[in-house]
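Coordinate-derived values only; no laboratory data. Treat the numbers as computed from the prediction; the structure is a model and nothing was measured. Every residue, glycine as well, gets a Cβ built from its backbone with ideal geometry; the counts of neighbours run over all protein chains shown.
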Amino acid sequence: MSRFTKGLNPEQRKAVETTEGPLLVLAGAGTGKTRVITHRIAYLLEKGVPASSVLAMTFTNRAAGEMKSRIAGLVPKGGAKNLTVGTFHSLCVKALRRYSKQAGIRPGFGICDADDQLVAMKQALRELQIPESSLNPRICLSRVSLLKNRLTGPEVLIASSDEGESNLGRVYQRYDAALRVSGVLDFDDLLLYMVRLLEDRPTLALFRKRYRYLLVDEYQDTNGPQYSIVQSISGKHQNVCVVGDDDQSIYGWRGADVSKILNFGKDFPDATIVRLETNYRSTPQIIKGANAVIRNNASRHEKALRAAAADGDAIISKRLPDEEAEAQFVVEDILDRVRSEQIPLSDFSILFRTAIQPRVFEVQLRHYGIPYNLVGGMSFFDRKEVRDILAYLKIVANPDDELSLLRVINTPPRGIGTTSIEKMLVVAAEQSIPLAQVIHRNDQFPEVPPAPAQSAQRFLESLDGLRGLQSGPDLVNLVRELVNVVDYDAEIRKRYTDEEVRIKRRAAVSEIMNMAEWHARRGAKANLTSFLEDVVLSENDDRESDEEKGERVTLMTLHSAKGLEFSQVYLAGAEEGLLPHGRSIQDGDIEEERRLAYVGITRARHRLTVTYVQSRAKYGRREGVMPSRFLYEMHGEEAPKEVIAHAQRAVVEEPEKKPAKKKAKKTAKKRAKRKRRS
DNA sequence: CTGTCCTATCTTTTT
DNA sequence: GATAGGACAG
């Protein structure tokens, strides 16, 4: 027996040893999924499969990193070096740069994140003279994203007889055009262009020849394009192993398609299916609760998690008057347990449905002086100064990046107003040249106001001067020079009067230099483009993997908790309207919310505490709320009718009530204003 | 063109 | 309750 199959249970062993042909591993929470994946790859290498022919795809950088390091720990030194392990998105970026010609894009394309996307979408709406009040840019973005994920282009919609549809089609088209002008791809494009690249026969052949063994982690989160990529590359040999759990599919809103895992057997008729149902993570009490909840979902692979661990405490549920009391209870409870049971802080995590919930908890944690680690939320990269500096850098890397240029063209103020910018944009569109070209050749265009254009030109030229500093060792100097050249301190001085705040903002700017230095040390290939790419594709990974992580309580959303485990878990805000979320109740999509609850419950190893409140502030107003139906389910009960009815009522009433009230308020205010003036 | 005040919207989750 | 974008005055 291979040393990589020793110590595995029979199902796990089967998953490791079935190396040829399609394989579906249905891995329930805590059933040793990662172990199976890593051992399977180690086993392949041991059998003599060259590392370079293995391709492993994950959804998060964290998962990719963990997979890599755990395999490296299993196989002889250096044996894992040539493995290809990464997120779908990062692997696509690499492939698209390498085969940019075949993909029909420029090799130095930039990647735009959610914030850039929003800017581009707003621009598209403005160009079409559609007021944001009639078409919400965020909603447009998510709809366009879903369309892209379904591989649907804008033309189909434009041709529609439905006015709303064709409007959306035009917005979609403008939005895409805005991205293309800037020479950037959004996250969906990365997958989409990859799908198209693989339609090129010779390129596809290269991929098929190289990658003989495919592995997809978290297969339940696969969306259309990702599925298509896997299908294409796996080709005839079909040595494709997918691992996932339909009960943990929580990215439906992002186009993930559970049917992909439910139908794997149909897509690959001779697939082997292995079920991992022995849970090595949690106490029987926790598993019982988890099973009791998920049982209520109709569309799923039937399975039942069995706990291998010894008995523990019962699941605790605790009702509190409001969110402040909830936070206080949890934090004090943590303190108690740390004192009485000597449990380290790093064993604790507090899980939330939404990203704002942690706020109240942060206050309490600070109050008690407990160090914590907030995953996601307002990240370092969301800070204005960081986004500004990154925009400058993007322009250095790619002068045609219109989105970035528009962001900082007048930051700090250099006398370039919206009207001048509009005029220049019109010229750029008429001449179909990049905005930067219009600025450089402003003397050729009489309609462009000279003073602002020359100011913009000076700005661009100052950035041109930095273009020689893009390679690895110069990166830090590039950032330092840049901050000087654009006089970013003027922006900080202008915006913030408080000296303490200024110091903090400046610290964030220096932090970018640290990041650049850190990146430059990664190797000879490091340059500005690779740096920017790294930043965009790993925004939400906690960057403090060092000692900092140590003794801290972890706060995060249920979505980012997937794949993790903690000895002590607090699941906060178990209420109707929050978990399940009001939006999902409205859309009738309770099952994904239930899976979310299931993910939360199954994170806990030894103790799970579920908290809920009687009243919660919403939009600044306080509302009475009911306990979550999942709480009842967890204890094997049926949720009382009034709980469900209450949730339904809240949903039905809101859309009707609001507009009427708002209007009344608005006119009242206007009247008051007029009165005041007269 | 810049600064200030007011308003509307946000709050589901993320590569 | 914050924050970003719009309206308006200087």
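Restriction of the GluC sites (Glu not before Pro) in the stretch A:129-226 to DSSP coil positions whose beta-carbon has at most 13 other beta-carbons within 10 angstrom yields A:132, A:199. For the stretch A:261-304 versus the stretch A:200-241, the inter-centroid distance based on Cα atoms is 24 Å. The Cα atoms of chain A cover 79, 72, 57 Å along the three principal axes, with the biggest extent listed first.
In a DSSP loop and with at most 15 other Cβ atoms within 10 Å, the GluC sites (Glu not before Pro) in the stretch A:222-327 are A:277, A:302. Ellipticity at 222 nm from helices only: DSSP H runs of n ≥ 4 in chain A, each -39500 (n - 2.57), divided by the residue count, give -16000 deg cm²/dmol. Ranking of A:359, A:616, A:366 by neighbouring Cβ atoms within 10 Å, starting from the fewest: A:366, A:359, A:616. Distance from the Cα centroid of the stretch A:428-484 to that of the stretch A:599-635 is 52 Å (rounded to whole angstrom). Ordered by the number of other Cβ atoms lying within 10 Å of each residue's own Cβ, fewest first, A:562, A:33, A:266 fall into the sequence A:266, A:33, A:562. Exposure proxy shown here: for A:567, A:161, the number of other Cβ atoms within 10 Å sets the order, fewest to most, as A:161, A:567. Modelled this way, with points 7 Å down the Cα-to-C-beta line, the labels at residue A:106 and residue A:209 are 3.1 nm from one another. Among the trypsin sites (Lys or Arg not before Pro) within the stretch A:57-163, those in coil by DSSP and having at most 10 neighbouring Cβ atoms inside 10 Å are A:77. Would the stretch A:392-461 count as rounded, prolate or oblate if I go by the C-alpha gyration tensor, calling it rounded below 1.5 in a/c and otherwise prolate when a/b exceeds b/c, oblate otherwise? The shape class here is oblate.
With r defined as the distance between the Cβ atoms of residue A:454 and residue A:426 and R0 fixed at 22 Å, what FRET efficiency is calculated, to the nearest 0.05? Working shown, then result.
Details: r = 18 Å, r/R0 = 0.83.
The computed FRET efficiency comes out at 0.75.
Stretching residue A:295 away from residue A:314 to a fully extended chain increases their span by 4.9 nm, per 0.36 nm per residue minus the current alpha-carbon distance. Here each label is just a point 7 Å from Cα along the line to Cβ, and for residue A:500 and residue A:160 those points are 5.2 nm apart. Restricting attention to the stretch A:488-637, lysine pairs at least eight places apart or on different chains and with alpha-carbon atoms under 29 angstrom apart total 5.
DSSP assigns beta bridges within chain A; of those with both partners inside it, close to 15 percent run antiparallel.
When only alpha carbons are used to place a centre, the stretch A:1-21 and the stretch A:338-407 end up 40 Å from one another.
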